[in-house]
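Just below is one structure, and these are the notes that go with it.
The values are calculated or read from the model by the stated rules, or taken from the named source; none is laboratory data. Computed from a prediction, not measured in an experiment: that's the story for all the values here. Positions of Cβ are generated from backbone atoms using ideal geometry, with glycine treated the same way; all protein chains shown enter the neighbour counts. The area values use the complete protein model at the heavy-atom level, side chains included, leaving out ligands, DNA and RNA. Shrake-Rupley method; radii C 1.70, N 1.55, O 1.52, S 1.80 Å.
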Amino acid sequence: MLAARAPLLTRREDLLASLAAPQVWDLVVVGGGATGLGIALQAAREGLKVALLEAHDFAQGTSSRSTKLVHGGVRYLAQGHWPLVREALHERQSLLESAPHLAQPLAFVMPTFRWGEQAFYGAGLKLYEWLAASASLGKTRFLNAQATLASLPGVQTEGLRGGVQYWDGQFDDARLAVALARTAALEGACVVNHVPVLSLIHENGRVAGVRAQDAEQGQLFDLRAACVINATGVWVDGLRMADGLEHGQATTPLVTPSQGVHLVVDASFWPGNKALLVPKTADGRVLFAVPWLGKVLLGTTDTALPDAPREPRPASEEVDLILKEAGRYLRKVPGRADVLSAWAGLRPLVQFNSMSCAQSGGTQKISREHHVEVSSSGLVSVTGGKWTTYRAMAQDVMDQARTHAGLKAPLNRLPEKYLLIGAPELSACPNQLTGPPGLHSYGAEQDWLKAMPGAQVVLTPGLTEGMVRFAARHEYARSVEDVLARRSRCLFLDAALAKSLAPTVAQILRQELGIDPHLDAFEALADQYARCP
Ligand SMILES: Cc1cc2nc3c(=O)[nH]c(=O)nc-3n(C[C@H](O)[C@H](O)[C@H](O)COP(=O)(O)OP(=O)(O)OC[C@H]3O[C@@H](n4cnc5c(N)ncnc54)[C@H](O)[C@@H]3O)c2cc1C
């Protein structure tokens, strides 16, 4: 009965006091994205004593910048990796069931313009549906030109021959991350944001803990742990290198970052509630137009970068590519001036020829997509994978940490099904993620939101003063950015609107938390998202 419980308070003093208390943790997880949070939740549910430290905010890295798809990975079909797709489809189902207020089925339509395309892609998508078996979200259907147009009212009609409709899911990535953090806390984990890990503690040649620092007040913490997991995504090499240096070893970098850009435009550019998938653009990429929270996401790109900035910037050539391809498939063609928000996320491309795969298991399953390495001193590093399979990934990482890095056996047996905080008891949520933001994102916690002071004060449709107070009291928010980028998704949807709301949000946060909520930094960030290069 998650809804009946009062939401836990996320008081920073209490969280920091837990970090300061002398104790040995069973597990310390570094990194609060999908991967680290999934591991922390799994470990807490197993009854282990776990702390998770995030340098910035939960999902501030790649995990708030995805295409928001819960998917089995259609592209693996062509490569014959059917077991991999089947397992991902199973994970798709379990993610949708665990948080029906934040993750919902979505119909995708692939329009076809050339002879033979419909039969080719349709056969693959029929196979996709068949592999999902009981986890299927709906039938794959062949559409004629008229039915395609009825499904995709915004599609380019010239040369349109037909289409194929199939089903996957969509979600709110950053809010799901916060739900993972809050559920892990409910299960007993100590999860804390804005506490970067500075270094590893080694004893007798083994990793014995981490040194971390509160980013707000500067307090240092030495956390002792039986096992440390480095789940820092595209930044995974930082701790790997530090670990190697301790033994005088030069560590080969594991990751090269690759940037994926998304542009957000008004819903009028892609009316309706179905997504567009173009499997092969003129330059061989995949193009999506996804209705999400009342706007449309267009993306994405795949551009190698020399380093991994905390706040990556879309390049003008990437914007050109997306707008050019969108212009081929959308009847109302978007230009730069129509972009409401432009943002980028970083994929960790793993270099296979390094020592990284030494203990990666090498199976045909989920572990193919991510990479786990256990160093000679017992540091477990994980990177890669996708949001959809975070839970299977967490299980795989923990299995390997048990075999190679001294992680304790589970104390509890876990049921297969699980619900995240806010999940309605009866998973009968209408599909609302394509529509505008609102209370629906809070699922079974809506009554708590309605009871918050300021619940009736609407800052903009879908965001109330009560929601900002809830974010500060119960969702670990510490800054204007935490609220407007990841508790509300306003920055990602409409950066100029987010900037205009920022002073009011800052004022509420000052009242709630008594700290500087970094208004200036947020305004500069909003300018960056609003300025389409
Ligand atoms: C453009 C793009 C689109 C995508 N679309 C999809 C999609 O539609 N569906 C899907 O399933 N997957 C998608 N993915 C993949 C998915 O987003 C990632 O697999 C996932 O978010 C990775 O999570 P992570 O936790 O490994 O990394 P991150 O989310 O980057 O988390 C790592 C965290 O570690 C923290 N950190 C770093 N150093 C330290 C330190 N020293 N101390 C403490 N914390 C530290 C960082 O601040 C960061 O928050 C997409 C990826 C990209 C790039």
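Short version: ³J(HN,Hα) in whole Hz for each residue of the stretch 406-421, in order, from phi by Karplus 6.51 cos²θ - 1.76 cosθ + 1.60 (θ = phi - 60°), x for Gly and Pro, what are they?
Ordered by residue, 3J(HN,Hα) equals x, 6, 5, 5, x, 8, 10, 8, 9, x, 4, 8, 8, 10, 8, 4 Hz.
Rounded to whole Hz and in sequence order, give me ³J(HN,Hα) for the stretch 433-441 from the Karplus expression 6.51 cos²θ - 1.76 cosθ + 1.60, θ = phi - 60°, writing x for Gly and Pro.
Taking θ as phi minus 60°, the curve returns 6, 7, x, x, x, x, 4, 4, 5 Hz for the stretch 433-441.
What figure, in Å² to the nearest 10, do you get for the accessible area of residue 307 with a 1.4 Å probe and non-protein molecules left out?
Answer for residue 307: close to 90 Å² accessible.
For residue 435, enumerate residues with amide H under 5 Å from its amide H, sequence gap 5+ or separate chain, H modeled in the peptide plane.
Here 293, 294 satisfy the definition.
Accessible area per residue, 1.4 Å probe, Å², for the chain: what's the number?
About 39 Å² of surface per residue is accessible.
How many angstrom separate the Cα center of the stretch 43-102 from the Cα center of the stretch 116-132?
24
Under 8 Å for C-alpha pairs, at least 6 residues apart: give me the relative contact order for the chain, rounded to a whole percent.
With pairs under 8 Å counted, the relative contact order is 20 percent.
Counting other Cβ atoms within 10 Å, which GluC sites (Glu not before Pro) in the stretch 142-223 have at most 12 and lie in a DSSP loop? All intermediate terms of the calculation are to be shown ahead of the outcome.
Values: sites: 158, 187, 203, 216; in loops: 158, 187, 216.
Sparse-neighbourhood loop GluC sites (Glu not before Pro): 158.
Test of understanding: what is the full-extension gain from residue 432 to residue 204, defined as 0.36 nm times their sequence separation minus their Cα-Cα distance?
76.7 nm
Exactly which trypsin sites (Lys or Arg not before Pro) in the stretch 383-428 are in a DSSP loop and have at most 11 other Cβ atoms within 10 Å?
Passing sites in the stretch 383-428 are 413, 417.
Kindly identify the stretch 425-533 as rounded, prolate or oblate by the Cα gyration tensor criterion: order the square roots of the eigenvalues as a ≥ b ≥ c, call it rounded if a/c is under 1.5, otherwise compare a/b with b/c, prolate if a/b is larger, else oblate.
Because a/c hits 1.5 or more and a/b fails to exceed b/c, the stretch 425-533 counts as oblate.
So who's got an amide H within less than 5 Å of the one on residue 155, skipping anything under 5 residues away but keeping other chains? H placed 1.01 Å off N, in plane.
The answer is 331.
Sticking with the crude label model, points 7 Å out along Cα→Cβ, report the distance from residue 224 to residue 456 in nm, one decimal please.
Those two pseudo-labels are separated by 5.5 nm.
Rank 283, 172 by accessible area, highest first, at a 1.4 Å probe radius?
283, 172
Can you give me the Cα centroid spacing of the stretch 260-308 and the stretch 4-42 in angstrom?
If we compute the Cα centre of each part, the gap is 34 Å.
How much length is gained if the chain between residue 114 and residue 78 is pulled fully straight, taking 0.36 nm per residue apart and subtracting their Cα-Cα distance, in nm to one decimal?
11.0 nm
Can you find, among 177, 250, 77, the residue farthest towards the positive end of the dipole of the chain? Put +1 on the C-beta of Lys and Arg, -1 on that of Asp and Glu.
Of the options given, the answer is 77.
Cut-off under 20 Å on the C-alpha distance; same-chain residues fewer than 8 positions from residue 499 excluded. Which lysines are left, in chain and number order?
295
On a 25 Å Cα-Cα criterion, which of the cross-link pairs 126/417; 126/386; 139/324; 386/450; 126/332 come out too long? Walk me through the numbers before you get to the answer.
Values: 126/417 27 Å; 126/386 23 Å; 139/324 32 Å; 386/450 34 Å; 126/332 31 Å.
Pairs exceeding the cut-off: 126/417; 139/324; 386/450; 126/332.
Is the shape of the stretch 475-533 rounded, prolate or oblate, going by the alpha carbon gyration tensor and its root eigenvalues a ≥ b ≥ c, with a/c under 1.5 for rounded and a/b larger than b/c for prolate?
Here the stretch 475-533 falls in the prolate category.
Remind me, relative contact order of the stretch 118-163 in percent, using alpha carbon pairs under 8 angstrom and six or more residues apart? Working shown, then result.
On the way: 30 pairs, mean separation 17.2, N = 46.
Rounded, it is 37 percent for the stretch 118-163.
What accessible surface, in Å², does a 1.4 Å probe find on residue 120, ignoring ligands, DNA and RNA and rounding to the nearest 10?
Its accessible surface works out to 140 Å², give or take rounding.
For the stretch 124-224, which trypsin sites (Lys or Arg not before Pro) are in a loop by DSSP, counting at most 13 other Cβ atoms within 10 Å?
139
To the nearest 10 square angstrom, how much accessible area does residue 458 have with a 1.4 angstrom probe?
It works out to around 100 Å².
Compute the helix-to-body angle for 237-246: its Cα long axis versus the longest principal axis of the chain, expressed 0 to 90° and rounded to tens.
For 237-246 against the chain, the angle is about 30 degrees.
Hey, with R₀ at 35 Å, roughly what FRET efficiency would residue 24 and residue 94 work out to, going by the Cβ-Cβ distance, to 0.05?
Result of the calculation: an efficiency of 0.60.
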